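The values are calculated or read from the model by the stated rules, or taken from the named source; none is laboratory data. It should be emphasised that the depicted structure is a prediction, and the values quoted were computed from it without experimental measurement. Heads up, the Cβs are rebuilt from the backbone with ideal geometry, glycines too, and the neighbour counts pull from every protein chain shown. SASA here: full protein model, heavy atoms, side chains in, ligands and nucleic acids out. Shrake-Rupley method; radii C 1.70, N 1.55, O 1.52, S 1.80 Å.
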Amino acid sequence: MRPVWMLMVLLVFTVCALGQQAAQPPTPANGSQPAAPGGKKSPKAKSQAELNAYTAAGSITDPAAMEKAADDFAAKFPDSDLTPLLYRTVMRSYQAANNNDKVLELSEKLLKSDPDDAEALVDLAQVLTESTRDSDVDKDQRLARAMQSAQHALETVDHDVPPGLTAAQEDIFKALTRSNAYSVIGTLQYNAGKFPEAEVSFRKSIDAFAAQPDPVVMLRLAMSLDKEGKYPEALKEADQVVALTQDGTPAGVLARREQARLAKATGGGSPAADPAKK
């Protein structure tokens, strides 16, 4: 089982990237409703009262108070197109606060409004993967749902994109969502001892967001290759992770430990020079 703190590094990477995307304001009832590049229509208030309530709820900065306001809004306007937008904002606020229990809860609320929401699916899958313990009586069900959610995100990301993004932002969102989904899938496969399958998933994760590879995913790829006995390939990946991380950080410490072990396994003796120590 992968240590919890390594999974936290993966989650923080996702939070930092997704959390930078701000929810866009809705289209007033008497305004136009253009379709987003991915085909999802911009949300539309059906009345001025609904728009005012949405604006008031969205202006709250405290996550707990914002969540209550979002619940009140959902109860008052049960058919509103704006409810998912509010819950997404609350979910991201809890992500920024590293409150995984609340991220899971808000992901569930968002998925009730939109079962195909790729962002919520990946967030739910990540938290379930991170928080599930061997001692949990529902361990198998939780991990199965994590896998299903990550796989469903890959199916829906092309047509279920948050509204208000430019074409360039949408491309980044899709790439990052795919990368994170494949990372979750690879982690689940690795933890289940399915190392060849994990290797494939981690490579897909890296390729999906090649412009900004996640060192944690690269390290997991190295560890998968290590488990398969592919030591030269594993060492190559470990060397890259060492070059991308600082010694003393969780990922950096594990990367240097893995690099040293693989260097011995390949008969190379000392690992490549650590650029952070030059």
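Which one is surrounded by the fewest Cβ atoms within 10 Å (Cβ to Cβ), of the residues in segment 100-125 that are within 13 Å of Arg145 (Cα to Cα) and of a type in the set (Asp, Glu)?
Here the residue is Glu108.
Consider Val127 carefully, then state whether it is at pLDDT 95 or above and not in a helix (DSSP H, G or I).
no
Under 9 Å between Cβ atoms, at least 6 apart or on separate chains: pull out the pairs that start in segment 224-253 with a residue that is over 16 Å from Phe202 (Cβ atoms) and in a helix (DSSP H, G or I) and end on any residue that is of a type in the set (Lys, Arg) and open to solvent by 20 Å² or more (accessible area, probe 1.4 Å).
Once the first residue is over 16 Å from Phe202 (Cβ atoms) and in a helix (DSSP H, G or I) and sits in segment 224-253, its partners that are of a type in the set (Lys, Arg) and open to solvent by 20 Å² or more (accessible area, probe 1.4 Å) give Val242/Arg256.
Residue under question is Leu128, and the condition is that it be in contact (Cβ under 8 Å) with a residue 24 or more places away in the chain, more than 17 Å from the chain's Cα centre (by Cα) and buried (at least 16 other Cβ atoms within 10 Å of the Cβ); does it hold?
no
For segment 82-122, give me each residue that is among the polar types (S, T, N, Q), over 20 Å from Ile172 (Cα atoms) and in a helix (DSSP H, G or I).
If the condition is that a residue be among the polar types (S, T, N, Q), over 20 Å from Ile172 (Cα atoms) and in a helix (DSSP H, G or I), then Thr83, Ser93, Asn100, Ser107, Ser113 are the ones that fit.
Quick one: Ala97 ticks every box in (1) aliphatic (A, V, I, L, M); (2) touching a His at 6+ places or on another chain (Cβ under 9 Å); (3) open to solvent by 50 Å² or more (accessible area, probe 1.4 Å) except a single one, so which number is it?
Condition not satisfied by Ala97: (2).
Given the criteria among the small types (Gly, Ala, Ser) and surrounded by 24 or more Cβ atoms within 10 Å (Cβ to Cβ), does Ser80 qualify?
When the stated conditions are applied, Ser80 does not pass them.
Can you name the residue in segment 165-219 that is over 15 Å from the mean Cα position of the chain (by Cα) and of a type in the set (S, T, N, Q) and, of all such residues, is most open to solvent (accessible area, probe 1.4 Å)?
The extreme case among them is Gln169.
Examine segment 261-268 for a residue that is out of contact with any strand residue (DSSP E or B) (no Cβ under 9 Å at 6 or more places or on another chain), polar (S, T, N, Q), modelled with pLDDT of 95 or more and open to solvent by 10 Å² or more (accessible area, probe 1.4 Å), and state whether such a residue exists.
For segment 261-268, residues out of contact with any strand residue (DSSP E or B) (no Cβ under 9 Å at 6 or more places or on another chain), polar (S, T, N, Q), modelled with pLDDT of 95 or more and open to solvent by 10 Å² or more (accessible area, probe 1.4 Å): absent.
Consider Ala146 carefully, then state whether it is more than 14 Å from Thr187 (Cα to Cα), at pLDDT 95 or above and open to solvent by less than 40 Å² (accessible area, probe 1.4 Å).
When the stated conditions are applied, Ala146 does not pass them.
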